[in-house]
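What follows is a short report on a single structure.
The values are calculated or read from the model by the stated rules, or taken from the named source; none is laboratory data. None of the values given here were measured: they were computed from a predicted structure. Neighbour counts are summed over all protein chains in view; Cβ atoms, including those assigned to glycine, are modelled from backbone coordinates with ideal geometry. Heavy atoms of the whole protein, side chains included, go into the accessibility calculation; ligands, DNA and RNA do not. Shrake-Rupley method; radii C 1.70, N 1.55, O 1.52, S 1.80 Å.
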Amino acid sequence: MLPLLDAIEERGGAAKARDIYDLVAEKVDLPDSERTARITISGQTYNAFEREVRWAQQRAKLHGLLRPADAGLWALTDKGQSALTKATPGIVVTIFMTDKGVALWGHCEDAVGLLDDNSLSLVFSSPPYPLLRKKEYGNLDEREYLDWMLRLAEQWMPKLAKDASVALNLGDAWRRGEPTLSLYQERLLIKFEDELGLKLCQRFAWQNPARLPNPAEWVTVRRIRVKPSLENVFWLSASDNPYADNRQILVPYSDSMKAVLKRGGQEAATRPAGYKMAEGAFGSDNGGAIPGNLIVAANTESNSDYIRSVKAAGLPVHPARFPAALPEMFIKFLTRPKDLVFEPFGGSLTTAAVAEALDRRWVASECMLEYILGGQLRFSKRMAA
């Protein structure tokens, strides 16, 4: 239906099916042999492709996307016009594929139904936060948020492999009119465990040193709060022992640790807390240090290849991007090469691009078409034939 609606929109918002067959065929890159192929049904011969277009027209009518107009024309409804940018509930469209992944235009509630059971190794996402002010990409208020997230996670459960993980980046939400924080994250974690069996494996904090002081009322005007620079990333799993390997995310040794290794380890000593350090402790070079659960990554992208290419294409830049370092940490830590990563809120497709670069398979869904088309530009050299 998408190329059909797109073709009608190009014809001014109303057209007859027979007048847009070739335009629709061009949009789906249909080979000439398929464009002219014919089928016989009950003794009648039809052009197979044109018949499919007419069926798509009828489906679009049933969904309220098209309406009959004068002189046999079919016209876009307001809903149909909107459907060219925002996904219609119940409809999922494949926008592009690479050798490793697929980008789906549709609501995440619908897209997850296309995944095989027990297929996912990792769900990594940054769902819209329950903010006080509505954003273009959509967000619910705090009162609706918990039930909505619970319904989403419930749909993920049968899709998770036995040793799979879920990693969610969630930001703080301030209460309306007062300098106090909502406890929605804590309430959500309790619901996840009590109602879905998703257990908290570890809590990570993402520090964005470049984050602006917000809320301005409390931080820069009244000066009664400090600048919040941390967001949580919760690592969850239905398994007591999900796959994880911290050897895949080692960080360079500090200069002091390099000195310890050079002299063959620590000297025997007793720490102030009473811990006894054995002679030669920490003397083995394991290729790097085990990282802590604080991820420092500035979100300062302002002139990246993504932004330049999106602007050049006349597309909107997604307003809520996170740095690639964030999904990279968890994809490396919690998955193996060829594992499947699902990003239900695809956004600018940062997670998808990182998964592709790390040789993981991926599926990303996004309900705003412009954001997918912008994210697609990250994959210009990797598109599947």
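When region 356-366 is limited to residues that are more than 16 Å from Lys159 (Cβ to Cβ) and of a type outside the set (D, E, K, R), the one that is most open to solvent (accessible area, probe 1.4 Å) turns out to be Ala357.
The residue list Val296, Val341 contains one member that is of a type in the set (Val, Ile, Thr) and within 19 Å of Trp105 (Cα to Cα), which is Val341.
Residues in region 286-333 that are in a helix (DSSP H, G or I) and hydroxyl-bearing (Ser, Thr, Tyr) were compared, and the one that is most open to solvent (accessible area, probe 1.4 Å) is Ser309.
Residue by residue, here is whether (1) out of contact with any Ser or Thr (no Cβ under 9 Å at 6 or more places or on another chain); (2) closer than 30 Å to Leu358 by Cα holds:
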site: Thr40; (1), (2): yes, no
site: Arg51; (1), (2): yes, no
site: His63; (1), (2): no, no
site: Arg67; (1), (2): no, no
site: Leu73; (1), (2): yes, no
site: Asp78; (1), (2): yes, no
site: Gln81; (1), (2): yes, no
site: Val92; (1), (2): no, yes
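For Thr180, the stated conditions hold: it is exposed (fewer than 12 other Cβ atoms within 10 Å of the Cβ) and among the polar types (S, T, N, Q).
The set of residues in region 92-120 that are open to solvent by less than 50 Å² (accessible area, probe 1.4 Å), out of contact with any helix residue (DSSP H, G or I) (no Cβ under 7 Å at 6 or more places or on another chain) and among the small types (Gly, Ala, Ser) comprises Gly106, Ala111. Of all the residues in region 54-70, those that are surrounded by fewer than 16 Cβ atoms within 10 Å (Cβ to Cβ) and either touching a residue at least 40 places away in the same chain (Cβ under 8 Å) or among the hydroxyl-bearing types (Ser, Thr, Tyr) (or both) number 2.
Can you find even one residue in region 75-91 that is more than 31 Å from the chain's Cα centre (by Cα) and either small (Gly, Ala, Ser) or surrounded by fewer than 18 Cβ atoms within 10 Å (Cβ to Cβ) (or both)? Taking every residue of region 75-91 in turn, at least one turns out to be more than 31 Å from the chain's Cα centre (by Cα) and either small (Gly, Ala, Ser) or surrounded by fewer than 18 Cβ atoms within 10 Å (Cβ to Cβ) (or both). Can you name the residue in region 244-285 that is exposed (fewer than 12 other Cβ atoms within 10 Å of the Cβ) and aliphatic (A, V, I, L, M) and, of all such residues, is modelled with the highest pLDDT? Restricting to residues being exposed (fewer than 12 other Cβ atoms within 10 Å of the Cβ) and aliphatic (A, V, I, L, M), the top hit is Val251.
Results for (1) surrounded by fewer than 16 Cβ atoms within 10 Å (Cβ to Cβ); (2) modelled with pLDDT of 85 or more; (3) on the phi > 0 side of the Ramachandran plot, shown as yes or no for each residue.
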site	(1), (2), (3)
Ser125	no, yes, no
Pro130	no, no, no
Arg133	yes, no, no
Glu136	yes, no, no
Ala153	no, yes, no
Trp156	no, yes, no
Ala161	no, yes, no
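Just wondering, is there one or more residues in region 45-53 that are open to solvent by less than 30 Å² (accessible area, probe 1.4 Å), in contact (Cβ under 8 Å) with a residue 40 or more places away in the chain and within 30 Å of the chain's Cα centre (by Cα)? No, because not a single residue in region 45-53 is open to solvent by less than 30 Å² (accessible area, probe 1.4 Å), in contact (Cβ under 8 Å) with a residue 40 or more places away in the chain and within 30 Å of the chain's Cα centre (by Cα).
Scanning region 155-185 for residues that are assigned to a strand (DSSP E or B), under 13 Å from Leu198 (Cβ atoms) and of a type outside the set (S, T, N, Q) yields Leu160, Ala164, Val166, Ala167, Leu168.
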